[in-house]
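Handing you this structure, nothing more for now.
Just so it is clear, none of the values below were taken in a lab; they were calculated from the coordinates. This structure is a prediction, so every number in the text was calculated from the model and none was measured. Methodologically, a virtual Cβ is constructed for each residue, glycine included, from the backbone with ideal geometry; neighbour enumeration extends over all protein chains shown.
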Amino acid sequence: MRRKRDTQIKPSVRAVRAQSEASLHEARSHAQAKARPLRKAVLAAVLALAAAVALVACAQAGDVPRSSESVSYEGVTTVALAELPAKPAADDYEAQDELLGANALDGSFADGLSAFSYRSASAVLGEEPQTNGNFSPVSLYLALAMTQMGAASETRDEIAAALGSSDAAATAEQCGNLMRLLATDHLSDVRLASSVWMRPDAQFKQPFVDAMRDQFYASLFLADFGTGAADKAMAQWIADNTEGTLNPAFKSQEGQLLSLIDTVYFKSEWAKAFDVEATVPGTFAAEGGDVQAAFMVQRLDRPQEIRQTEAYTRASLGFVDGSEMTFVLPAEGRGVQDLLADGALREEAFAGESTGEAFVTYRVPKFAFDSSYGLIPALERLGVVAAFGDQADFSNLSDVPAYVSSVSQESRIGLDENGVEASAYTKVDIMGMSALPDPSVVEELEFNLDRPFLYEIRTRQGVPLFVGLCAQPDAVA
């Protein structure tokens, strides 16, 4: 059985706020607050983004009316800069209730996003050697949903099957709700952003451009691919939207038609911070040999829901904003690859019902690392194949025959006594076809994360932001 998620209940702002402020108060006073994610489908803000430009029905990018904004990045032309709705005032309950009631996040979409996170994480992390890995399911989901809007026929059907939704327009609308939802949540700092980089002399279909602008809140740019200016601009846009935590280097190709990029940024403090003075050195049993790491230690004074089986133990730590980080520690003699290789087992490990409660003493190693993935092999394992070859159909994007030449993701995560900061981007490159190359209740639980373990970070609304593997934490002298 899974952890219960009532996707129909629509909590009032006052109720949510009261619960959140109670948690904040307890955190500040260092009294133990038991973090419980809201695991309910939530309601998003009203669609407030006005069209920045009017594009003709089959718009030639070189003739697109320019935004009144100044060009933001040297060497590229800014067509439109997206602006998500602002957060309502913390004490404006009426405005918050109105926003919450305007657009419900459909329960089937929320469940589909969670299912996608389990399948995609197994496809990405399960094929990697046992090393540190931080993957963002929601970033890949948004990138695929954007790509789907330009696809047609079998290409679109395969992407839809991977996403778990056959209606591309409905998926785009729900993605818009998700972006507005997180942007207007005044309790949290979770930011999603997207952008579309277009070749100036190419033509793009109006419905595609409209969806990028209105549902995905994508900033639109004209970029001469194959130039240093375009590469630096795309990299700088990512850095700007991840607080400088990600600074990629790109080398685009002249035959490129466009790039779709989205970013995810998360930062929050633990509901109860770890005492720095309690951090102690200890041994972490990494695959390649023991490593000395710094372990943060604290015992929570209230019982915590846990799940214990013969295969693993699961426990979670909450953040002040209601988000949650869940840790899954394989049993002695078992490896994390056993969980990663079995999607159903991994889903059970993170989403299965608790087996009881315990007073948990956490021993969590401090770690910080970067990850990067070429995602086409993982997507092929998820059934997305046609988009990458000469059978690709992107006729809803442009009349130019095109295919997806690259899907990449980079991410970073850092964890210490105060909390967690994590970020990611996913980039989809689409090329003109002419450029196609050849083919049980426990009273006390000592939760000692002293060997490789899995983790997951979800927002208080249940959105899976990051899934990862800590195979080797930061070493200490």
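Answer rounded, prolate or oblate for segment 183-283, using the Cα gyration tensor with square roots of eigenvalues a ≥ b ≥ c: rounded when a/c is under 1.5, else prolate when a/b is larger than b/c, else oblate.
On the way: a/c = 4.28, a/b = 1.91, b/c = 2.24.
In terms of gyration-tensor shape, oblate.
A further question follows. Sequence neighbours fewer than 8 away in the same chain don't count; with that in mind, list the aspartates and glutamates whose C-alpha is under 13 Å from LYS251.
ASP224, ASP231, ASP429
Which of the pairs LYS267/LYS366; LYS232/LYS366; LYS366/LYS427; LYS87/LYS427 have their Cα atoms more than 25 Å apart in this structure? Walk me through the intermediate numbers first.
On the way: LYS267/LYS366 16 Å; LYS232/LYS366 32 Å; LYS366/LYS427 29 Å; LYS87/LYS427 27 Å.
Table pairs above 25 Å Cα-Cα are LYS232/LYS366; LYS366/LYS427; LYS87/LYS427.
Just to be sure I understand the model, the point goes 7 Å from the Cα along the line to the Cβ. What's the resulting THR131 to ALA170 distance in nm?
So the label points at THR131 and ALA170 sit 4.1 nm apart.
What is the gain in length, in nm to one decimal, between THR361 and ALA102 on full extension, counting 0.36 nm per residue of separation less the C-alpha to C-alpha distance? All intermediate terms of the calculation are to be shown ahead of the outcome.
Numbers: separation 259, 0.36 × 259 = 93.24 nm, distance 4.21 nm.
Once the chain is fully extended between THR361 and ALA102, it gains 89.0 nm.
Fewest Cβ neighbours within 10 Å first, please rank ILE306, ILE261, ILE413 accordingly. Working shown, then result.
Working: ILE306 20, ILE261 28, ILE413 25.
The order, fewest Cβ neighbours first, is ILE306, ILE413, ILE261.
Extension gain ARG299-ASP370, at 0.36 nm per residue separation less the Cα-Cα distance, in nm?
Details: separation 71, 0.36 × 71 = 25.56 nm, distance 2.92 nm.
Stretched fully, the ARG299-ASP370 segment lengthens by 22.6 nm.
Ok, one more. Farthest toward the dipole's positive end in segment 257-412, which of ALA349, GLY282, MET325, given Cβ charges of +1 (Lys, Arg) and -1 (Asp, Glu) about the Cα centre?
So the residue we want is GLY282.
Please sort 329-340, 399-410 by packing, taking for each peptide the average over its residues of neighbouring beta carbons within 10 angstrom, highest first. Write out the running numbers ahead of the final one.
Working: 329-340: 16.8, 399-410: 20.2.
Sorting 329-340, 399-410 by mean packing, highest first, produces 399-410, 329-340.
Compute the semi-axes of the equivalent ellipsoid of segment 267-408, taking the square root of 5 times each eigenvalue of the Cα gyration tensor, and list them largest first in whole Å.
On the way: eigenvalues 304, 67, 64 Å².
Output for segment 267-408: semi-axes of 39, 18, 18 Å.
Oh, and also: Mind giving me the nanometre distance, one decimal, between the label points for GLU254 and ASP111, set 7 Å out from Cα along Cα→Cβ?
Computed distance between label sites GLU254 and ASP111 equals 5.2 nm.
Placing unit charges on C-beta atoms (Lys and Arg positive, Asp and Glu negative, everything else neutral), compute the dipole magnitude of segment 363-406 about its Cα centre in debye, rounded to 20.
520
Which distance in nm do the two modelled labels at ALA89 and MET433 give, with both placed 7 Å along the Cα-to-Cβ direction?
In this crude spin-label approximation the distance works out to 5.7 nm.
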